[in-house]
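Peer 1: Quick one: this structure, given as structure tokens, is what I'll be asking you about.
The values are calculated or read from the model by the stated rules, or taken from the named source; none is laboratory data. Note that this is a predicted model, so its numbers are computed, not measured. When we count neighbours, we look across all protein chains shown, and the Cβ atoms used for this are built from the backbone with ideal geometry, even at glycine.
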Amino acid sequence: MKKILLMIALTVPVSCGPASPDAPKTVMETTLVREGVADPCLVFDDGLYYLTSTGGSRLVMVKDKSVAGLSNEAHPGSEAAVIYDSAGDPTVEQLYGEGAVINGCWSPEIHYFSEKEFPGNSGWYMYFGLRQKYSDQTGTSRNIRMVVLKSASGKVDGPYVSPVTGVVCQTQPVLGADGNPIARWAVGPSVLRVPSGKYRGTYLMWVEETGRGEGYGKFYQKIMISHFSSPWQLEGEPGIITTPTQEWETHGANEKKPCVVEGATAVYGDRGEVFLTYCGSGYWSDYGIGQLTLKRKGRRFEDPLKTESWVKYDGNPVFSSVKSGDLRGAGHGFFVRSASGGRFICYHAFPFENGEKINRRNAYLEPYSIDKSAACPTAPDGVIRMGALGTGVTAPVKGTRIEF
């Protein structure tokens, strides 16, 4: 198998804190980072890499001085540090009532806010969704709420506490503009920054649903956005970034399953461009990643709360494993920039072996770039090219050489 050489010096994720020294040189002969990982969040800070992901009733984190060192061999599951346990969280009953139990901590993302963004509230914050467990084990995705924790140590690995009370493992519900917890189905929180113009600021994006129980085409997801007033409260009426409007976003939908757009993640260009990647179609089907671009005139961006401010690329999806020989369901990317300008994406996918999809997602790593020459009316600032092959298809897991 042909080997592909990638030279990437890894450093701070786009959405994270101050720059840190590059990590020691490491070589991987595979795109695989760690097995058993869904919705990976990969952060580098102060010489260490941190990886966390969707969990059951708790969240765990592994850390190492190199990405290769995050593997299951280097850090078995039993050695992963628990950073949150819903069993001791009083917010669970506040959100769902007495005796409520959590069986899903969904899509954690860790972001750094500066003192300039939120005076008196700077630091590392972790956002995720809490899914309520039902005794009948049916409809377990009916109730999901967004919550946030803050690192009390100023380090990525915590301990994580309520940003309001300071109590360890007590989550703070994400509050709406009225000061009350957002009391509707909401998941997948992520951070967007508009760097200049009238709408400069820090925003929260998340996923909501509409039409549950109403049948095919009426049951769908939508990506929402609102400006922050603090790291745990929103201000004003939220806007809708996008809904499923392209055919590829509807795969896997039926009378009981929605048309899917989710996993919104900001990607920033070298000249201030603001892109958004997102997942389309059900994760159980032809899951992939699409691209949106925030419209602008020079440094003056349009209002990110308005759907018409976002232009959806007509060449979507820009990254997929549908044509891969060894992966299926690639998506949910977390993006990282290097000190020297290199970029990469950490994503999850199902292994595909002997014509069968293995029901266990893993975290993988590949480079990405922004192709300015591919600019067009639906990608005015260029197209995000993801993957080592340069074709928008995931690279072979084995035999792809990645050098840090």
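Peer 1: Restricting to segment 292-309, count the residues that are part of a strand (DSSP E or B) and surrounded by 22 or more Cβ atoms within 10 Å (Cβ to Cβ).
Peer 2: Total satisfying the criteria: 3.
Peer 1: What residue, among those in segment 52-78 that are of a type in the set (S, T, N, Q) and outside any loop (DSSP other than H, G, I, E, B), is nearest to T30 (Cα to Cα)? I'd like the intermediate steps shown before the answer.
Peer 2: Within segment 52-78, the first condition is being of a type in the set (S, T, N, Q), and the residues that meet it are 52-54, 57, 66, 71-72, 78.
Okay, now just the ones that are also outside any loop (DSSP other than H, G, I, E, B), so 52, 78.
Numbers: T52: 20, S78: 24 Å.
Among them, the one singled out is T52.
Peer 1: Moving on to the next point. Restricting attention to segment 222-268, and to residues there that are assigned to a strand (DSSP E or B) and among the β-branched types (V, I, T), which single residue is nearest to Q172 (Cα to Cα)? Can you show your working first?
Peer 2: Looking only at segment 222-268, we keep the residues that are assigned to a strand (DSSP E or B), and these are 222-230, 233-242, 259, 261-268.
Filter again for among the β-branched types (V, I, T), leaving 223, 225, 240-242, 261, 265, 267.
Working: I223: 22, I225: 19, I240: 24, I241: 25, T242: 27, V261: 26, T265: 22, V267: 27 Å.
Among them, the one singled out is I225.
Peer 1: Going through segment 206-222 one residue at a time, which ones are in contact with a Gly (Cβ under 8 Å, 6 or more places away or on another chain) and surrounded by 15 or more Cβ atoms within 10 Å (Cβ to Cβ)? Talk me through it step by step, then tell me what you get.
Peer 2: Narrowing segment 206-222 to residues in contact with a Gly (Cβ under 8 Å, 6 or more places away or on another chain): 206-207, 218-220.
Those that are in contact with a Gly (Cβ under 8 Å, 6 or more places away or on another chain) and surrounded by 15 or more Cβ atoms within 10 Å (Cβ to Cβ): W206, V207, F219, Y220.
Peer 1: Another one. Restricting to segment 107-127, name every residue that is more than 15 Å from F228 (Cβ to Cβ) and either at pLDDT below 95 or touching a Cys at 6+ places or on another chain (Cβ under 7 Å) (or both).
Peer 2: Matches in segment 107-127: P108, I110.
Peer 1: Still on this model: Is there any pair with a first residue in segment 264-287 that is over 20 Å from K323 (Cα atoms) and a second that is modelled with pLDDT of 95 or more and surrounded by fewer than 18 Cβ atoms within 10 Å (Cβ to Cβ) whose Cβ atoms are under 6 Å apart and which are 6 or more apart or on different chains, and what are they?
Peer 2: G272/P195
Peer 1: Being hydroxyl-bearing (S, T, Y), in contact with a Gly (Cβ under 7 Å, 6 or more places away or on another chain) and in contact (Cβ under 8 Å) with a residue 24 or more places away in the chain narrows it down to one of S324, S320, so name that one.
Peer 2: Working: S324 fails: in contact with a Gly (Cβ under 7 Å, 6 or more places away or on another chain).
Step by step, each of S324, S320 is checked, and only S320 is hydroxyl-bearing (S, T, Y), in contact with a Gly (Cβ under 7 Å, 6 or more places away or on another chain) and in contact (Cβ under 8 Å) with a residue 24 or more places away in the chain.
Peer 1: Residues that are touching a Cys at 6+ places or on another chain (Cβ under 6 Å), at pLDDT 95 or above and of a type in the set (F, W, Y): find the strands (runs of 3 or more DSSP E) completely inside segment 338-404 holding 3 or more of those. Reasoning before the result, please.
Peer 2: On the way: elements: 343-353, 362-371, 383-386, 398-403.
Hits in segment 338-404: none.
Peer 1: If you scan segment 349-387, which residues turn out to be among the hydrophobic types (A, V, I, L, M, F, W, C) and over 21 Å from D270 (Cβ atoms)?
Peer 2: Initially, segment 349-387 is screened for residues among the hydrophobic types (A, V, I, L, M, F, W, C), giving 349-350, 352, 358, 363, 365, 370, 374-376, 379, 383-384, 386.
Result: A349, F350, F352, I358, A363, L365.
Peer 1: Being of a type in the set (A, V, I, L, M, F, W, C), under 18 Å from the mean Cα position of the chain (by Cα), at pLDDT 60 or above and under 22 Å from M386 (Cα atoms) is true for just one of L42, L59. Which residue is that? Working first, answer last.
Peer 2: Details: L59 fails: under 22 Å from M386 (Cα atoms).
Criteria check complete, one pass: L42.
Peer 1: Looking only at residues in segment 161-195 that are under 22 Å from Q132 (Cβ atoms), of a type in the set (G, A, S) and not in a strand (DSSP E or B), which one is nearest to the chain's Cα centre (by Cα)?
Peer 2: Only one residue tops the list, namely A186.
Peer 1: A further question follows. Being of a type outside the set (G, A, S) and within 24 Å of T243 (Cβ to Cβ) is the filter here, so list the residues in segment 178-201 that pass it. Spell out the reasoning first.
Peer 2: Step one: list which residues in segment 178-201 are of a type outside the set (G, A, S), which gives 178, 180-182, 184-185, 187, 189, 191-195, 198-200.
Passing the criteria: I182, R184, W185, V187, P189, V191, L192, R193, V194, Y199.
Peer 1: Next up: Among the residues of segment 79-120, write down those that are in a loop (DSSP other than H, G, I, E, B), out of contact with any Asp or Glu (no Cβ under 8 Å at 6 or more places or on another chain), among the aliphatic types (A, V, I, L, M) and farther than 21 Å from A152 by Cα.
Peer 2: Scanning segment 79-120 gives a single hit, V101.
Peer 1: Next question, about the same structure. Being out of contact with any Pro (no Cβ under 6 Å at 6 or more places or on another chain), buried (at least 18 other Cβ atoms within 10 Å of the Cβ) and within 20 Å of V187 (Cα to Cα) is the requirement here; does F335 meet it? Quick ask: steps written out before the conclusion?
Peer 2: Values: out of contact with any Pro (no Cβ under 6 Å at 6 or more places or on another chain): yes; buried (at least 18 other Cβ atoms within 10 Å of the Cβ): yes; within 20 Å of V187 (Cα to Cα): yes.
Judged against the criteria, F335 is a match.
Peer 1: Moving on to the next point. Take segment 364-395 and flag every residue that is surrounded by 14 or more Cβ atoms within 10 Å (Cβ to Cβ) and either closer than 18 Å to V67 by Cβ or of a type in the set (S, T, N, Q) (or both).
Peer 2: Matches in segment 364-395: Y364, L365, E366, P367, Y368, S369, T378, M386, G387, A388, T394, A395.
Peer 1: Right, another one. Looking only at segment 59-68, filter to residues that are in contact (Cβ under 8 Å) with a residue 24 or more places away in the chain and closer than 15 Å to L365 by Cβ; which one of those is surrounded by the most Cβ atoms within 10 Å (Cβ to Cβ)? Full working, then the answer.
Peer 2: Pass one, segment 59-68, residues in contact (Cβ under 8 Å) with a residue 24 or more places away in the chain: 59, 61-63, 65-68.
Adding the requirement that they be closer than 15 Å to L365 by Cβ leaves 62, 66-68.
Values: V62: 23, S66: 18, V67: 25, A68: 21.
Applying the filter and picking the extreme gives V67.
Peer 1: Additional query: Can you pull out the residues in segment 206-232 that are closer than 19 Å to I144 by Cβ, of a type outside the set (S, T, Y) and in contact (Cβ under 8 Å) with a residue 60 or more places away in the chain? Show your work before the answer.
Peer 2: Of the residues in segment 206-232, the ones closer than 19 Å to I144 by Cβ are 206-214, 219-226, 232.
Those left that are additionally of a type outside the set (S, T, Y): 206-209, 211-214, 219, 221-225, 232.
Matches in segment 206-232: W206, R212, I225, W232.
Peer 1: Give just the number: which of (1) under 18 Å from A80 (Cα atoms); (2) modelled with pLDDT of 95 or more does T31 not satisfy?
Peer 2: The number of the failed condition is (1).
Peer 1: Another question, if that's okay. Name the pairs whose Cβ atoms lie under 6 Å apart, with the first residue in segment 93-110 and free of Cβ contacts under 8 Å to residues at least 60 places away in the same chain, the second assigned to a helix (DSSP H, G or I) and buried (at least 17 other Cβ atoms within 10 Å of the Cβ), and 6 or more positions between them or separate chains?
Peer 2: A100/V92; I102/S86; I102/V92
Peer 1: Between a residue in segment 346-363 that is closer than 19 Å to T30 by Cα and loosely packed, with under 14 Cβ neighbours inside 10 Å and any residue that is at pLDDT 95 or above and among the charged types (D, E, K, R), which pairs come within a Cβ distance under 8 Å, given they are 6 or more apart or on different chains?
Peer 2: E353/D326; R360/E35
Peer 1: Could you tell me which numbered condition D314 fails, if it satisfies all but one of (1) assigned to a loop (DSSP other than H, G, I, E, B); (2) touching a Phe, Trp or Tyr at 6+ places or on another chain (Cβ under 8 Å)?
Peer 2: (2)
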